[in-house]
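Quick notes on the structure that follows.
Derivation of every value follows stated rules applied to the coordinates shown; laboratory data play no part. Because the structure is a prediction, the values reported are computed rather than measured. All Cβ positions, even for glycine, are placed from backbone atoms using ideal geometry, and neighbour counts span all protein chains on display.
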Amino acid sequence: MSEESKRVGEIFKALASGVTWMETQGLPVHCPADGEIIAHLALDDKQSLADKVNRAAAAQRVLGSQKREERAALVEKLSAEIKGSREWLGELITLEAGKTPKEALAEADGASDILLKTIKDASLAEFGGMLRCKERPPVGIVGLITSFNFPLVVANWTIAPALLAGNGVVWKPSEKTPLVALAYKAVFDGAMGGVKDLLQLVIGGREVGEALVSHEAIDMISATGSVQMGQGIKAALARKKNNNVKPILELGGNNGIIISEKMSADHLEWALHSLLNSFLGTTGQRCTNTRRLIVQRGMMDKVVAILQKHIEAFLASAEMQNPLFEIVRLRQGFGETSRHSAFSATADGYGPLIDADAYQRFERAKKRALEEGGKILFGERLLAAEHPNAYYVEPALAVMPAQTAVMHEETFAPLLFIAPYNTLDEAIALLNAPANAGLTNGIYTQSQAEADRFASANQAGHGLINSAKGTGTPAFGMGFGGNKESGTGEILNAADPLKPFTRDDHYRRIAQNKDIAMDWE
Ligand code: NAD
């Protein structure tokens, strides 16, 4: 057992017995379900970062000299180990990120699946009796920075192709979810067997992230976070000498949907129900949540009334009630995996906000909406007496007279703005107006002409027409990545997943006749 695994084992034993794991007075880790500190972790500094980069570089030289098939076997093993650890990884995601157990398990499964999918997507099919492969050398060491809201799966979007391409990875997880990263590293090290040190973790906040980006031995950066984080990273890279490889930046969005009048009453009902999950999912803390509805003026009252009806039903439902209590219960019994059978498993992801900052942003955005002439429906704080340091809120609707300034910002909370339009051209202009509206936009209409007009004018990375899930889920099989302020490049579902993690200038295409007997010595 590695030192890292032993350490993780000790941390979990402490958490399971309800004790705070205290390594130092370093980084405090909170449980969003009750706001309590559950661990303190030692912070990395420039010296420990440099040591870890060196260790990853030594390991990368071993991996880089392996054949793709050998690396694929490691990636497959990692996928199986994550699958085998899904329950406790899921519990940890709930404990540390506040996700409902159902959503947390889905994230653990997604992290396992993406590894296998990357192997499949990176391989070329047989062609005319020839085995084909594309070979490009790895870039070297990938610096990975991740956000709190998908503490496991987003890391694997990068780790899967980076590893398969032969790179080492130095990962700085969100300072809000370092325990999931520590657990992942223990699983990862177990799967890698003899190839040690390929993944290094650095613990800390923005300063540690900045030090990672600026480190001269880091060959490329893959980072997921806010637009501000992306801008900081771009500026730091511009100052760097070794800055040959384009970064991948998956950043914040401000996703909007046009609600046209050109649909039947049934279609409208279906549309508003379909987008609900992408408004409520992960308590509004997904990059793809629907944040703005641009509604044909004559339909405003009807749309608001239908949404109100849905929110009232949601607030009264088991979907809303159970996760709150189940998450708190999980906190009190961490480590007893058999409890999973007791979960109602009907909720799709509505728990507490991550922390007090997130709650303050929610409150500020509601206040600004009022100041800018809007009306707020719902949005009250819940369970404040029982859990004064945890932040459960009702979802909120902000009915606006027009698309005002507050609608140009990403609140990252369950707040849906609703503003009117007169003509489709005006609606499209409003949809595209925020600089951060570069991830996913959509339209609900039964007019093909409107759908075509939207498709040709939409400026976001994804355009979804009559989606069954609002803007909430990137269309399967299409590369996911942001335009405008929302990002550069794509990793999830990319057509050529290894490309960003390899050096283009040494591209080799190899085709070998599979019918010729070869010597294997
Ligand atoms: P955040 O920007 O606060 O932090 C993200 C990570 O970046 C953290 O690890 C943080 O320590 C680090 N960081 C912050 N500033 C940095 C800097 N200047 N240099 C280096 N590292 C820095 O984001 P968050 O609150 O954790 O996550 C929410 C944001 O992430 C939202 O804006 C959301 O839309 C976005 N997001 C985007 C995607 C996507 O695929 N586009 C996916 C998930 C989340």
Give me the one-decimal nm value for the distance between modelled label points at Lys262 and Asn389, 7 Å along each residue's Cα-to-Cβ direction.
5.5
Share of antiparallel DSSP beta bridges in the chain, in percent to the nearest 5?
35
Longest exposed-site-free window of the chain, the sites being trypsin sites (Lys or Arg not before Pro) in a DSSP loop that have at most 14 other C-beta atoms within 10 Å:
242-513
Long-range amide H partners of Leu464 with built H, under 5 Å
Asn441, Gly442, Ile443
Local charge sum around Pro500 (other residues, Cβ-Cβ under 11 Å, Lys/Arg +1, Asp/Glu -1)?
+1
Overall form of region 255-465 per C-alpha gyration tensor (a/c, 1.5; a/b vs b/c):
prolate
What angle, in degrees between 0 and 90 and rounded to the nearest 10, separates the Cα long axis of helix 101-122 from the longest principal axis of the Cα atoms of the chain?
50
Rounded to the nearest 10, the angle in degrees between the Cα long axis of helix 265-280 and the longest principal axis of the Cα atoms of the chain comes to 50
How about region 152-227: which GluC sites (Glu not before Pro) there lie in a loop by DSSP and see at most 12 other Cβ atoms within 10 Å?
Glu216
Per-residue ellipticity at 222 nm for the chain, helices alone: DSSP H runs ≥ 4 residues times -39500 (n - 2.57), over residue total, nearest 500 deg cm²/dmol?
-13500 deg cm²/dmol
Can you flag which of Lys117/Lys234; Lys120/Lys240; Lys172/Lys309; Lys196/Lys499; Lys102/Lys499; Lys52/Lys469 are past 32 Å Cα-Cα?
Lys120/Lys240; Lys172/Lys309; Lys102/Lys499; Lys52/Lys469
Cα shape, region 35-100, gyration tensor, a/c 1.5 rule
oblate
R0 = 45 Å: FRET efficiency of Ala429 with Arg503, Cβ-based, nearest 0.05?
0.65
Gained length - Ala455 relative to Arg206, 0.36 nm times residue gap less alpha-carbon distance
85.9 nm
Cα-centred dipole magnitude for the chain, charges only on beta-carbon of K, R (+1) and D, E (-1), debye, nearest 20
860
Descending semi-axes in whole angstrom, ellipsoid equivalent of the chain, from the Cα gyration tensor
38, 29, 21
What GluC sites (Glu not before Pro) does region 42-99 have in DSSP loop regions with at most 16 other beta carbons within 10 Å?
none
